[in-house]
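Worksheet: one structure, shown below.
The values are calculated or read from the model by the stated rules, or taken from the named source; none is laboratory data. Bear in mind that the values here come from a model prediction, so they are computed numbers and not experimental data. No Cβ is skipped: glycine too gets one built from the backbone with ideal geometry, and neighbour counts run over all protein chains shown.
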Amino acid sequence: MTKSLKSRKQEFARDSIYDAAIDLFVHKGFQETTVEDVAQAAGVSRRSFFRYFTTKDHLLGHNMVRLGEVLVSAVAASPAESSPIQVVRDAVSAGLRFGTSHPRTRQVIEITARNPSARRAHRSRRVDIEDRLSEAFAARTRNETKDHVRPKMLAILNLTVVDLATVSWFRGESVDYSRAADDVFALLFQVLGEPTYAHPSQLPQTPKLMSPAARKRKPMAAR
């Protein structure tokens with residue numbers, strides 16, 4: 001769907017405030033920077049700032065929200081026949097492609113690495129993203145909601161792998177985001193005592209969980 005002119009203007013204004021804030025956080029410090037500082041640097045009023053962000057913490061989590069949108073879209077777009085781990089890998093790849101291509105990612109990592117308050121602020125939107133991601137995984141089945149254990153587990157796994165692979169990429173431990181994701185998954189399988197798979201096509205097909213009603217209907221001999 002094409003965005004309206006009003007929506008595009010709002011997105012531009014929001015991104016402009018975000019960019020101005022990140023520059024200030026880098027050079028002045030997260031805790032030392034005030035909302036007034038950000039508004040002045042972005043060329044907007046204090047009132048305009050609060051039209052787009054409720055707090056400074058809310059602002060720092062802005063790109064996490066955009067990452068969440070990318071992950072949710074990737075889960076929904078993954079082929080219906082994909083196993084759960086393949087869906088996770090599809091979403092991880094999309095998330096890392098977005099994160100590593102964003103010009104502010106390295107700065108945000110640096111800001112959050114040196115300031116616990118900034119780190120908490122950046123993760124302040126994570127609960128909402130986790131819920132939306134759980135809902136996206138649940139939508140791929142007929143008998144689960146976002147509150148069931150499996151979609152929640154897949155959502156948490158997805159976000160965790162993206163976090164770890166992004167840090168690996170940032171530190172230069174992996175040549176690119178794709179290799180970073182492969183390295184994290186390889187370590188995950190190693191920790192779990194599972195074989196390592198070099199490519200998503202080699203991943204085992206995990207059977208979908210059946211509802212209790214479906215289990216009752218299934219003949220005993222076929223179980």
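Annotations
- Tally, over segment 1-42, of residues that are among the charged types (D, E, K, R) and in contact (Cβ under 8 Å) with a residue 12 or more places away in the chain: 4
- Some residue of segment 13-25 being loosely packed, with under 13 Cβ neighbours inside 10 Å and outside the structural domain of T112 (by TED's automatic domain parsing): no
- Output for segment 97-137, where each listed residue is over 14 Å from N158 (Cβ atoms), touching a residue at least 24 places away in the same chain (Cβ under 8 Å) and of a type in the set (G, A, S): S117, A118, A121, S124
- Residues (touching a Leu at 6+ places or on another chain (Cβ under 7 Å) and hydrophobic (A, V, I, L, M, F, W, C)) located in segment 130-155: L133, F137, A155
- Evaluation of S45 against the conditions (1) in contact (Cβ under 8 Å) with a residue 24 or more places away in the chain; (2) in the same structural domain as E11 (by TED's automatic domain parsing) shows that the sole unmet condition is (1).
- Scanning segment 71-88 for residues that are touching an Asp or Glu at 6+ places or on another chain (Cβ under 9 Å) and not small (G, A, S) gives V72, V75, P79.
- Scan segment 44-97 for residues that are more than 26 Å from F12 (Cβ to Cβ) and either among the hydrophobic types (A, V, I, L, M, F, W, C) or part of a loop (DSSP other than H, G, I, E, B) (or both) and the total you get is 14.
- The condition (being polar (S, T, N, Q), crowded, with 17+ Cβ neighbours inside 10 Å and over 20 Å from E130 (Cα atoms)) is satisfied by just one residue among S78, S82, S101: S82.
- Single residue of segment 153-190 satisfying the filter (of a type outside the set (G, A, S) and touching a Gly at 6+ places or on another chain (Cβ under 9 Å)) that is farthest from S134 (Cα to Cα): W169
- Scan of segment 31-43 for residues that are part of a helix (DSSP H, G or I) and of a type in the set (S, T, N, Q), ordered by number: Q40
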